[in-house]
Amino acid sequence: MTRISLLNSPLLLGFDQFERRLESIAKTSAEGYPPYNIEQIGGDQLRISIAVAGFPLEDLEIDLVDSELIIKGHKQEQDKRTFIHRGIANRQFKRTFILAEGIKVVSALLDGGLLHINLRQPKPEKVVKNIKITLANPSIDNETINISPKEE
């Protein structure tokens, strides 16, 4: 099967890693556990809120690996109880968010069964750089240059 690139324009240079990231996101599970919200709480601030009711602080872990924010919940073995109805999920999870360049994790707070992860997204700075153009040496004819290995 031929792979069709979304970013195959000759005007998009160096986006190979970005395209690989998009492919990995598309392959991730669309499972909805645990549920989460992402909200803008200020001009440059975001908050991810994840419903982690039933997970004590020691069973939660947050890692930032390169640009991946990974939140894990590890459930400890509990005593054997007999449930007549079990509507509260009691399983471990791993939820991954891909952060854009420049986004910083500011804090994480566990409050009332919600894990809030606060992020700061700085405004992008416009970078303008003037590139100097130099003239090639007109006295050198590129086709007549002969480079040969040194003779011993």
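The values are calculated or read from the model by the stated rules, or taken from the named source; none is laboratory data. This one's a predicted model, so the numbers in the text were calculated from it and none came from an experiment. Neighbour counts run over all protein chains shown; Cβ positions are idealised from the backbone, glycine included.
Of all residues being of a type in the set (Ser, Thr, Tyr) and within 20 Å of the chain's Cα centre (by Cα) in the stretch 39-94, which is surrounded by the fewest Cβ atoms within 10 Å (Cβ to Cβ)? Just the residue, please. Even if it seems obvious, please write down each step before you answer.
We begin by selecting, within the stretch 39-94, every residue of a type in the set (Ser, Thr, Tyr); these are 49, 67, 82.
Among the residues that remain, those that are also within 20 Å of the chain's Cα centre (by Cα) are: 49, 67.
Values: Ser49: 17, Ser67: 13.
Here the answer is Ser67.
Looking only at the stretch 123-152, count every residue that is charged (D, E, K, R) and either modelled with pLDDT under 80 or in contact with a Gly (Cβ under 9 Å, 6 or more places away or on another chain) (or both) and tell me the total. Walk me through how you get there before you give the answer.
Taking the stretch 123-152 first, the residues charged (D, E, K, R) are 123, 125-126, 129, 132, 141, 143, 150-152.
Subset that is either modelled with pLDDT under 80 or in contact with a Gly (Cβ under 9 Å, 6 or more places away or on another chain) (or both): 123, 141, 143, 150-152.
Summing the residues that are charged (D, E, K, R) and either modelled with pLDDT under 80 or in contact with a Gly (Cβ under 9 Å, 6 or more places away or on another chain) (or both) in the stretch 123-152 gives 6.
Anything in the stretch 47-62 that is of a type outside the set (Gly, Ala, Ser) and assigned to a loop (DSSP other than H, G, I, E, B)? List them, or say none. Even if it seems obvious, please write down each step before you answer.
Of all residues in the stretch 47-62, those of a type outside the set (Gly, Ala, Ser) come to 47-48, 50, 52, 55-62.
Passing the criteria: Val52, Phe55, Pro56.
For the stretch 98-119, name all the residues that are within 13 Å of Leu46 (Cα to Cα) and touching a Leu at 6+ places or on another chain (Cβ under 8 Å).
Result: Leu99, Ile103, Lys104, Val105, Val106, Ala108, His116, Ile117, Asn118, Leu119.
Return the residues of the stretch 76-101 that are polar (S, T, N, Q), at pLDDT 80 or above and in a loop (DSSP other than H, G, I, E, B); say none if nothing qualifies. Break it down stepwise before answering.
Taking the stretch 76-101 first, the residues polar (S, T, N, Q) are 76, 78, 82, 90, 92, 96.
Add one more test, that the residue is at pLDDT 80 or above, and what stays is 82, 92, 96.
Result: Thr82, Gln92.
Right, Ile71: under 18 Å from Tyr36 (Cβ atoms) and touching a residue at least 40 places away in the same chain (Cβ under 8 Å) or not?
Details: under 18 Å from Tyr36 (Cβ atoms): yes; touching a residue at least 40 places away in the same chain (Cβ under 8 Å): yes.
Against the criterion (under 18 Å from Tyr36 (Cβ atoms) and touching a residue at least 40 places away in the same chain (Cβ under 8 Å)), Ile71 qualifies.
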